[in-house]
Each structure stands twice: as C-alpha cells, then as structure tokens.
Amino acid sequence: MTQAGIGVWDRFKGLFGTQDMTRGKPMRNLVLFSIPLLLGNLAQQLYSTVDSIIVGRFVGDDALAAVGASLPVQNLILVLFMAVSTGAGIIVAQYFGAKDREELSKAVGNSILLILIASVITTVLGLALARPMMRLLDTPEAIFEMSCVYLETIFGGMIAVAFYNIVSGILRGMGDSVTPLLYLLVATLLNTVLDYVFVARFGWGVMGAAVATILSQAVSAVLCVWRLFHMREVLTVNRRTVRLSASRSAQLLRLGMPAGITQGIFSMAMVIVQALTNSMGTTVIACTVAVMRVDGFAMLPNFTFGMATSTFVGQNMGAGHLDRVKEGSRSAVTLSLLVAATLTLSLLVFGRTMISWFTETEDILNLGVRMLRILAVGYLAMGIMQVYMGILRGAGDTAPSMWISLFNTVALRVPVAYLWAYFTRSPQWPKGSPDSLYVSLLVAWVSGAALNYLWYRRGGWKHKVVVRKTV
C-alpha cells in the first residue's frame, strides 16, 4: 500500500475503529460501527456470489445448480459454529462493556479452544454425511456428483471457515469492526483471483470454486487470530488464558445453543424445502441459487444492524446502561428500515440485471424476477426481526428467538411451502409452482418480525445480563 493509501486507511480506522459503545450518542455509535460491518458483510456476500458467477458462466447452469443444492447441507452442519460464535460474542461484549480484562481474556482463550473442537466435529460429520444427505434430498443425477465434490471440499477445510467467522465475531464483540473488514477485503480479492484461475483456467469446475473459498478463508482466519493475539491494550492471550474451562464452556454454550438450534431449525427447513426445490428440476434450482445470491445483498443491512445492535446492547448491558439500550434500539430500527427500503427499491428496479450476472437463460431470468418481487415486501419485516433478535441476543436472552424460529419454520414455512406447491400443480409445474418456495419464506419473515417485537415489549430480556460492571 502506498503512503497515501496508508494515510487514508489510518483516518478511516481512526473514525471507525474499535468502538466503546457505552459512551457517546447511540445513533453515532451504531452508524460508525455498522459502516465497516456492512462493508464486511458485502465482501462476505461477494465470496459466494463470485463463486456462483464464475461457476455459472464458465461451467454452466448445472454446475450453478450443484453449488446451490449443497448449501442447505452446509448450513445444517455449521450449527455448532453458530452456537460457539453467538455465545462468545455475547460474553465478550458484556465483559468488554464491564471493563473486566481478566475475565475477558479467559473467555476469549476458552473460545479459541472451543473453535478447534467444533472444527474437528463439523469436519468429521460433514465428510461422513455429505453424500447420504444429498441422496436424501433427491438431488438430480445430473448435478449429484458435482454437489458432493463441492460439499466435501468445503468440509475438508472447515477449520479455516470456523476460525475466521468466530474470531471475527469476537473482535466485533469488542467493538472492532474495522480490522475484520480489512482482512476480509484481502481474502475476497484473493478469492476472486483464485476462482478465475482454478475454474476458468485450470478447469477444476465446482471443486476449484470450493478450494478458492477455503484458501481465502484461511488467509483471513490467520490475520484475525494474529490481530486477536496483539490486542494487548484490552486483553491478554497466552498460555495462562488459553485454557478450556468446563464452567466457561457451559456458560458459552448455554447462551449460544439457542442461536445454534435456531440456525439448525432454519437450516433443516431449508433442507426440507430444498427437497421440494430439487423435485421441480434444475431450472428452478439454478433460479433459486441466483435469487438467493441477489437476495443476500438486499439482506445485508438487516443482518448488519442486527449484529451492531447485539454488540451495542451487550456492551451497555454489561456496563449497566439500560437507558442507552432502549435509545440505541430505537435508533437501530430506524436505520434498518431506511436502508432496507432504499435497497429493496433498487432491487426491484435492477433485479433482472443482477440475475443476469449468473445466467443468460431466459426462463431462469424471468422466473428469478418473479421470485424477487414476491420477496420484496418482506425485507422491511426482516429488518425489524433482525434488530429485535439482536437486542435479545446482546442481552443474553437467546432462548425466545429459538422458540419463535421453531414456530415459524415447523408450523409456518414448511407447511405453507408444501401446501402451496400441492394446490398449484399444473401441466407446466407438475410438482407445484415455484412461488411456494418464496411465499412461505415471506410468511415466516413477517411472523418472525411480529413475534420478536412482542417478546421485546414484554421486557424479560432486561434481567438476563451475564456480567455486570465491576467497580
């Protein structure tokens, strides 16, 4: 980087660097923390998007469908990571807010060892279950082998995925959303280059895309761990603090498992709905991949403000500043709705162009635009849901979102998808209209927003704080 570039980066880091969100105006805290977080989420989305674009363009629609068909199985196996990541993020944010260096250091050290354990478990499970799960999902023979190869390659490098995602979450819990962004930008650029080399030049197909992802994640993981070990101003990471504690692990998993189970429920619903998707043929599968990639960009502000709210609430609950939690929550809802509305409008205008990044097949383009229009109204609801889930998560009240997710997926999304498909069977769609896949998702989003808001209004989350400020 040139001297001028270093100067720009230093100014950026000075403004958006590590945030102590127990001080200052909540709106300003959230905006300054969210900007690099949003850029990081954008870069993260580019990982999977670049994979899909290059695979779709240089290998074909079947390869694009193969990558998409494997995603629900990936997400299902990653449940343990979600549990560790969520639990670690809550504890780190609250100890940071309480200014308890000793406990913060031990919590981080314990989390590092849990990441190693989780990585081994998910790698073994993933490699063992990849092919049986793809068979269970009735994956079309035309894409079965490619789907399995992609899955097995990703699971083979799972330790890299684990360390980046969890350690970057720990850094964000301490208010540092800038350095994970820098490392992710480096990895995203590397992923783009490697994708092109491995897929377009070497002809490795879907395996090349998976290898590019793993190598890029490994680079960002190493950089995040290096940063963690050098944050000596707020914590100490050494042989004394990097120890596995049964009580700390139990506390972390108690906080994190509801989020992990929530993700597991959601992923299981995706697996069940993926079986319905697969039954509709490779055109619908390829369309779903493209739509979900575009949808991912529209969802970025929702997830960003949810994550920012969680860190804000965690730090302030640890510091005992309940008044700031309420003010910050209102600010987060306002920000989320404004940005989501703007991006949703853009998506409706430019949706066809974005779908065309992945394929030039006219049937897929037309179907994709229709699906985006069905989802459009749900993005505002999703923004509300993510903010209130972030409040509950940051406060340590993680169980309600699990039960709400269970209701939304088991009682709403899956039944609505299959019933809608059953009653819309036709000569054109003998297995049911693809609308069923997206109407069911829309219903679940709206229900989730309403139920999380009602639970927030009950106020029980105010008494769930794990740690309190020491004096």
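The values are calculated or read from the model by the stated rules, or taken from the named source; none is laboratory data. Just so it is clear, the model here is predicted, and its values are computed rather than measured. Counting neighbours? That spans all protein chains shown, and the Cβs are built from the backbone with ideal geometry, glycine included. Ligands, DNA and RNA are stripped out before the accessible areas are found, and what is left, the full protein with its side chains, is counted by its heavy atoms. Shrake-Rupley method; radii C 1.70, N 1.55, O 1.52, S 1.80 Å.
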Of (1) more than 30 Å from Y150 (Cβ to Cβ); (2) surrounded by fewer than 23 Cβ atoms within 10 Å (Cβ to Cβ); (3) not acidic (D, E), I91 fails just (2)
Test I384 against the criterion of being assigned to a helix (DSSP H, G or I), within 30 Å of F96 (Cα to Cα), in contact (Cβ under 8 Å) with a residue 40 or more places away in the chain and open to solvent by 10 Å² or more (accessible area, probe 1.4 Å), and give yes or no.
yes
Tell me, which residue of segment 255-284 that is farther than 14 Å from V73 by Cβ and hydrophobic (A, V, I, L, M, F, W, C) is nearest to the chain's Cα centre (by Cα)?
A259
Matching residues in segment 199-223 - criterion: being without any contact (Cβ under 8 Å) to a residue 24 or more places away in the chain and open to solvent by less than 20 Å² (accessible area, probe 1.4 Å):
G208
Being hydroxyl-bearing (S, T, Y) and modelled with pLDDT under 85 is the filter; apply it to segment 357-395 and report the residue that is farthest from S48 (Cα to Cα).
T361
Residue, least open to solvent (accessible area, probe 1.4 Å), within segment 257-283, restricted to residues that are among the hydroxyl-bearing types (S, T, Y) and within 23 Å of T86 (Cβ to Cβ)
S267
Please state which one of V73, V167, V161 is under 17 Å from the mean Cα position of the chain (by Cα), of a type in the set (V, I, T), at pLDDT below 80 and part of a helix (DSSP H, G or I).
V73
Considering only residues that are part of a loop (DSSP other than H, G, I, E, B), touching a Gly at 6+ places or on another chain (Cβ under 9 Å) and free of Cβ contacts under 8 Å to residues at least 40 places away in the same chain, which ones fall in segment 429-446?
none
Go through (1) of a type in the set (A, V, I, L, M, F, W, C); (2) open to solvent by less than 90 Å² (accessible area, probe 1.4 Å); (3) free of Cβ contacts under 8 Å to residues at least 60 places away in the same chain for L392 and report which single condition fails.
(3)
Scan segment 34-55 for residues that are within 14 Å of N302 (Cα to Cα) and surrounded by 24 or more Cβ atoms within 10 Å (Cβ to Cβ) and report the count.
3
List the number of the failed condition for A421; all other conditions in (1) over 20 Å from G89 (Cα atoms); (2) not in a helix (DSSP H, G or I) hold.
(2)
Step by step: first the residues of segment 124-158, then only those that are farther than 19 Å from S85 by Cα and outside any helix (DSSP H, G or I), then the one that is modelled with the lowest pLDDT. Which residue is that?
L137
Within segment 69-86, is even one residue within 18 Å of V291 (Cβ to Cβ), aliphatic (A, V, I, L, M) and crowded, with 24+ Cβ neighbours inside 10 Å?
yes
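Would you check if R11 is exposed (fewer than 15 other Cβ atoms within 10 Å of the Cβ) and modelled with pLDDT of 75 or more?
In short, no.
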Might you check whether a residue that is assigned to a helix (DSSP H, G or I), open to solvent by 40 Å² or more (accessible area, probe 1.4 Å), under 22 Å from I54 (Cα atoms) and at pLDDT 85 or above occurs anywhere in segment 176-185?
no
Among residues belonging to segment 94-107 that are assigned to a helix (DSSP H, G or I) and in contact with a Gly (Cβ under 9 Å, 6 or more places away or on another chain), point out the one that is surrounded by the fewest Cβ atoms within 10 Å (Cβ to Cβ).
Y95
Would you pick out the residues in segment 419-449 that are aromatic (F, W, Y) and open to solvent by 90 Å² or more (accessible area, probe 1.4 Å)?
W420, Y422, F423
Could you give every pair whose Cβ atoms fall below 7 Å, whose first residue belongs to segment 265-287 and is in a helix (DSSP H, G or I), and whose second residue is of a type in the set (F, W, Y) and open to solvent by 10 Å² or more (accessible area, probe 1.4 Å), counting only separations of at least 6 or pairs across chains?
L276/Y418
